[in-house]
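Written out below as structure tokens is the structure these notes cover.
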Amino acid sequence: MSRQRFVITDRLWQRSAPLLPGKAMDRGVTARGNRLFLEAVLTEGGHCATWRDLPACFRNWNSQLGRFRRWATSGVLQRVFEVLSKATGT
């Protein structure tokens with residue numbers, strides 16, 4: 001996916017990245033592709049499509065769905081969306 005097509009601007013990414021699991025200082029495996037995953041969530045939600053229809057540039061749809069479920073259950077997505085909505089004024 002080209003950088004021009006990102007929904008999350010660099011400024012919004014800098015505000016939301018510290019809220020996401022998998023940072024270098026976190027225990028366990030460092031997450032790869034958190035920004036791409038957030039783009040997938042916003043793409044999925046914006047189009048009201050099924051996860052199976054997620055474009056291939058977002059990698060395996062089933063892995064993205066699993067991460068979505070984990071983050072939704074643990075409150076990660078709620079925190080990120082609160083920060084993003086305050087930053088964009090929506």
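The values are calculated or read from the model by the stated rules, or taken from the named source; none is laboratory data. Bear in mind the structure is a predicted one, so any value in this text is a computation, not a measurement. Please note that ligands, DNA and RNA were not included when accessible areas were found on the heavy atoms of the full protein model with its side chains. Shrake-Rupley method; radii C 1.70, N 1.55, O 1.52, S 1.80 Å.
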Would you point out the residue of the range 75-90, among those that are among the polar types (S, T, N, Q) and open to solvent by 70 Å² or more (accessible area, probe 1.4 Å), that is modelled with the lowest pLDDT? 90
Could you say whether any residue in the range 27-46 is of a type in the set (Phe, Trp, Tyr) and modelled with pLDDT of 85 or more? yes
